[in-house]
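This report refers to the structure that appears directly beneath it.
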Amino acid sequence: MSVQSRISELKSIVDPDCEILTDPADVNFQEYSKRWTNVGREIPAAIVLPRREEDIRKIVQWAVKSSIPFVAKSGGCSEWSTIGDNGFVLDLTHYSAIEVDAKAHTATVRGSVVQKEVAVRLAEEGLFTGEEHDPAFGVINFHPLGNGNVVGVTGYVLGGGSAITNSITGFGSDQIISARLVTAKGELLDITQDLQPDLLWALRGAGQFFGLVTQLVIKAYPLSLLGSENGTVWAGGIVFPLDRAKEVALVMKSLMDDSRFATSGLIMTMAPPPARKPSLVISARYTGDPANAEEAYKPLYNLKPLVANGAQVPIQNISDGREAIGAKGDFKRFGIVGLRRFDIDSFLKTIEVWKQLVAECPDAINTAFNFQWDSRQVKTPAFDSAMCLHDTRFYQYVCCSTNVVLRLRFCT
């Protein structure tokens with residue numbers, strides 16, 4: 001029996017304000033079906049948007065009883081939050097809320113709340129949490145994601161969640177205090193250290209695989225821990241032509257291992273618009289007294305880059321200005337691997353691979369090969385969890401990107 005033939009049954013068990021979209025030609029259906037990437041994107045039989053946790057539980061129970069597959073959608077950045085007409089999307093957009101307890105230094109997030117919303121709300125109370133990195137073409141998250149501002153908090157935290165504050169706060173998953181989760185049987189569980197210690201262990205780093213998480217309580221920290229007087233982080237951009245990669249890499253290797261300074265960021269092999277000249281773009285961050293940022297990056301400045309800028313940025317605005325990167329649509333795919341060290345020869349070889357890719361597939365001009373570093377070790381929590389990368393300071397990741405316009409321009 002098709003999903004469409006069972007929709008009336010679903011409508012009878014949920015509240016009247018639970019929106020159920022079934023017409024692919026409908027504007028709302030099209031809007032809610034958008035994802036960060038169109039790779040593998042399918043059109044579901046229905047998009048269900050509950051407003052209450054009890055309806056979420058009932059929907060899961062109905063789907064299990066009816067043997068109808070579904071996927072959950074929060075921020076819409078996952079490549080896997082899509083399904084064909086044999087199933088439906090359980091969209092948590094209408095079930096979203098943020099509650100901040102400034103005295104307890106916690107935040108309760110529900111549904112499809114995104115990073116920007118949480119960062120702004122916490123900053124209003126003088127707090128922050130494990131804020132996401134803001135690399136061009138993606139966020140360091142251990143699963144495919146878009147720009148930091150539009151990434152769903154729940155998926156980010158459950159999947160590990162690397163941030164520019166790793167050395168201060170630990171990973172995003174380390175911030176989980178408790179959760180509420182709907183199991184595959186439609187049972188609603190409170191996940192705490194006292195009630196479900198094994199499941200809490202699993203949610204901290206591998207949480208996408210154990211049920212549908214409706215709520216998280218996460219830690220928050222006073223802005224003063226950032227080391228600046230006004231809750232800011234120093235952010236800068238440093239650009240070199242690609243043919244200077246070796247000398248830049250030699251300097252960067254020393255800079256990355258200098259734990260005197262709390263530097264972090266990305267070395268990006270890319271061809272940024274509008275000139276589209278192959279470049280090394282260093283997205284640099286400094287956490288602490290911003291007066292020390294210039295000294296920390298002085299070895300790079302001494303190489304006389306094409307561009308060198310930097311300024312203090314409020315932590316809640318660290319990903320602003322990258323709306324185009326976080327936009328949904330186009331064909332993008334994100335991959336990441338943790339590394340033990342920065343190997344210059346291997347890094348230079350990745351640049352050659354990028355050159356070959358763009359030469360042979362010019363429509364891939366938006367593709368970036370990025371290397372992430374943090375000069376200081378990730379803060380290790382007092383508890384054990386499924387997150388196993390606290391000894392990892394380096395990551396290599398790739399965001400392959402193309403779109404219809406580029407394909408028409410270069411491939412026809």
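Observations on the structure shown:
Okay, residues lined up against (1) hydrophobic (A, V, I, L, M, F, W, C); (2) out of contact with any Cys (no Cβ under 6 Å at 6 or more places or on another chain); (3) surrounded by 20 or more Cβ atoms within 10 Å (Cβ to Cβ); (4) touching a residue at least 40 places away in the same chain (Cβ under 8 Å):
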site	(1), (2), (3), (4)
I351	yes, yes, no, yes
Q372	no, yes, yes, yes
T380	no, yes, no, yes
C388	yes, yes, no, yes
N403	no, yes, no, yes
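- Checking the stated criteria, T412 turns out not to satisfy the condition of being farther than 24 Å from M252 by Cβ, loosely packed, with under 15 Cβ neighbours inside 10 Å and at pLDDT 95 or above.
- Counted residues, region 23-41 - those being part of a loop (DSSP other than H, G, I, E, B) and either surrounded by fewer than 12 Cβ atoms within 10 Å (Cβ to Cβ) or touching a helix residue (DSSP H, G or I) at 6+ places or on another chain (Cβ under 6 Å) (or both): 3
- Assessment of region 380-394 against the conditions (part of a strand (DSSP E or B), within 26 Å of Q208 (Cα to Cα) and of a type outside the set (G, A, S)) yields at least one matching residue.
Yes/no matrix, rows are residues, columns are (1) acidic (D, E); (2) closer than 30 Å to E294 by Cα; (3) free of Cβ contacts under 8 Å to residues at least 60 places away in the same chain:
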| residue | (1), (2), (3) |
| --- | --- |
| D194 | yes, no, yes |
| G205 | no, no, no |
| F209 | no, no, yes |
| L226 | no, yes, no |
| L242 | no, yes, no |
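- Selection count, region 62-79, where residues are under 14 Å from G186 (Cβ atoms) and out of contact with any Asp or Glu (no Cβ under 9 Å at 6 or more places or on another chain): 6
- Test: residue in region 186-203 that is among the small types (G, A, S) and surrounded by 24 or more Cβ atoms within 10 Å (Cβ to Cβ): no
- Condition broken by Q30, with the remaining ones in (1) over 26 Å from Q115 (Cβ atoms); (2) at pLDDT 95 or above satisfied: (1)
The values are calculated or read from the model by the stated rules, or taken from the named source; none is laboratory data. Note that the coordinates shown come from a computational prediction; the quantities given were computed from them, not determined experimentally. Ideal geometry is used to build each Cβ from the backbone, glycine not excepted, and the neighbour counts take in all protein chains shown.
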